[in-house]
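Below you'll find the structure, written out as C-alpha cells, and then a few comments.
The values are calculated or read from the model by the stated rules, or taken from the named source; none is laboratory data. Predicted model, so just to flag it, every value in this text is computed and none were measured. Note that we place each Cβ from the backbone using ideal geometry, even for glycine, and neighbour counts take in every protein chain shown.
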Amino acid sequence: MERLCVRGGRPLLGSVQIQGAKNSVLPILAATLLNAGVSVIHNCPALSDVDAAIAILRHLGCAVTRTGTTITVDAATVSRTDIPDPLMREMRSSVIFLGAILARCGEAKLSYPGGCELGPRPIDLHLDALRAMGVEVEERGGTLHCRGIVTGRVHSLSIPSVGATENIMLAACGGKGTTVICNAAREPEIVDLQQFLRSLGAEITGAGSSTVVIRGGKPLHDGEHTVISDRIVGATYLSACAACGGEVELLGVDPRWLLPITETFRKGGCQVTGEGNRVTLRCTEPLRSVPPIRTAPYPGFPTDAQPMVMAAFCKSRGVTLFVETIFENRYRQAAELARLGAEIRVEGRVAIVEGKKLLHGAAVEAADLRGGAALVVGALAAEGESVVTGLRHIDRGYASLVEDLGQLGASINR
Ligand code: EPU
C-alpha cells in the first residue's frame, strides 16, 4: 500500500508554483465536446480525475493526446452519447458531461452519479433546469436519459450550484435562443469555463456575477486555453505554513480568490501580502483562535478549504468554531486529526476545535480528497513521524504535493 511518510515540526520556507485548477479543467474538458474540431488546453494537472475525464472523452469517440500539461482533444469523431456506469463512478463530477453531450448530440445517457464521500450529491437542480428548457429527462433504474435541445429562457437557481451553473452553460451553448441563469455560481472556475467557451466562439457573458447570459447556437471553431491555478491547492499550502510557521509564497494565484482564507489567517496572527499573481503568508508565532468560520458559496469561505484550515487551527491558542453549510459529511478528517493529538468536537454541522500547543506524529488514513490534504497539514505540524494512507483520494486533486512541500523544506516522502 502506498503511503506518505511525514516528519513534522519544521517551518516551511520558499516559493511554489500552483498547479492548474481541478475544478476548472474538468468542466473545460467536457466543454471540448461542443466543437466538432480541436481544442488545446494548457496547464492541465496530472490528476486521477483528469485521467477519468480523458477516459470519458475517448469512450465518446474523441482523440485525446497529452504532452506534459497540455491536453489536445479532437472531438470531430464523437460517435456515442452514453457514459457507462464504471466511468461515471470514477468521478462524481462526470455529471458535467451531461450538458456538453446534450449540446453536441441532442441526446445523452448516463448512470445517476449517486452520493460520494461528502454525503448525498443530488443533481435535481441540473435536471430541473434542463427540463424547464425543454429537454426530456427520463430517470429509470439508476439511468438518466436526456433528449432534446435546450430552448433559451430565464432560469433561476434556488442555490448557486457550481455544477448546475456549468451544465446549463454548456447545454445552452448548443441550444436555441438566449438563456439567462439567475443566482448563478460565481466561482473563478465558472469564469474560466466562460473564457474557454469564448475561445471556441460561444457568445456568453456575466460569469463571475450572479447572472450569466448565453446566446445559443453560435457556430464554434477550434480553441486554445490555459487553465487558471488551483486556489484550493494554494489554500492547502497556506494552511500548512500557518500550522508549521515560516514563510510561503504562492505563484500563479490571484490573491482575491484566497481572501476568505488569508483574512482568517491574518486574524490568527499571520502576515499576508498579495500582489499581482502572488500571495505570501508569514507566520512567526503560534496561530490564535479566530471568530467562527462558516463555509459559503464563492466569494464566501470555500468548503473545499475547510478541512485544511481546520487542521491548521488544531495547533493554536484558543477555541475556533467551524460551521459547514455546503456538504453534510465534511468533517471526516476530525477523527483522524484526533490521532495526531487534536481536540475536535463535531456536533452536526458545527465543529469545535480546541487548539493544542503541540500535535504528535501518528498513522492516519484519508477518507476523502480535502480531508486527506488536511491530514498532511496536520502531520506537517505534528512533532515526530506520521504515516498517511488513503492516497488515492489525495491523488484526485493534488498533482505534486510531495514535490511542492519538499521544495518548501518539508520532510515528506511517498
Ligand atoms: N446541490 C443540490 N442539488 C443539485 C446540485 C447541488 O442540492 O442539483 C447541493 C449539493 O448537495 C451541495 C450544494 O448544493 O450541498 C453545492 O453543490 P455544488 O453543485 O455547488 O457542488 P458541485 O458542483 O457538485 C463543486 C466542486 C466541489 C466543491 C463544490 C462547492 C467540481 C468538480 N466540484 O461541486 O469540489 O466542493 O463545487 O464549492 O467543481 C473538491 O474539489 O474537493 C470538491 C468537492
Quiz item: Does T165 fit the bill of being touching a His at 6+ places or on another chain (Cβ under 9 Å), surrounded by 21 or more Cβ atoms within 10 Å (Cβ to Cβ) and modelled with pLDDT of 95 or more?
Solution: no
Self-check item: In the range 135-160, residue nearest to the ligand (Cβ to nearest atom) [restricted to those that are in contact (Cβ under 8 Å) with a residue 40 or more places away in the chain and over 30 Å from T303 (Cα atoms)]
Solution: C146
Exercise. Evaluate the following for R349: is it farther than 21 Å from K22 by Cβ, within 16 Å of the ligand (Cβ to nearest atom) and within 23 Å of the chain's Cα centre (by Cα)?
Key: yes
Exercise. Kindly list, by first and then second residue, each pair from a residue in the range 55-66 that is of a type in the set (D, E, K, R) to a residue that is outside any strand (DSSP E or B) and at pLDDT 95 or above, limited to pairs with Cβ atoms under 8 Å and residues at least 6 apart or on different chains.
Key: R66/C44; R66/I54
Quiz item: With the range 164-275 as the region, which strands (runs of 3 or more DSSP E) entirely inside it contain at least 3 residues that are under 30 Å from A312 (Cβ atoms) and either touching a Gly at 6+ places or on another chain (Cβ under 6 Å) or without any contact (Cβ under 8 Å) to a residue 40 or more places away in the chain (or both)?
Solution: 271-275
Quiz item: Is there a residue in the range 33-41 that is at pLDDT 95 or above, under 22 Å from H393 (Cβ atoms), touching a Ser or Thr at 6+ places or on another chain (Cβ under 9 Å) and assigned to a loop (DSSP other than H, G, I, E, B)?
Solution: no
Exercise. Would you check which residues across the range 128-137 are outside any strand (DSSP E or B), of a type outside the set (G, A, S) and surrounded by fewer than 16 Cβ atoms within 10 Å (Cβ to Cβ) and list them?
Key: D128, R131
Quiz item: G341 passes all but one of (1) more than 14 Å from the ligand (Cβ to nearest atom); (2) in contact with a helix residue (DSSP H, G or I) (Cβ under 6 Å, 6 or more places away or on another chain); which number fails?
Solution: (2)
Quiz item: So which residues in the range 87-127 are outside any helix (DSSP H, G or I) and away from the ligand (no atom under 14 Å from the Cβ), if there are any at all?
Solution: G106, E107, A108, K109, L110, S111
Quiz item: Can you name every residue in the range 138-152 that is buried (at least 17 other Cβ atoms within 10 Å of the Cβ) and in a strand (DSSP E or B)?
Solution: L144, C146
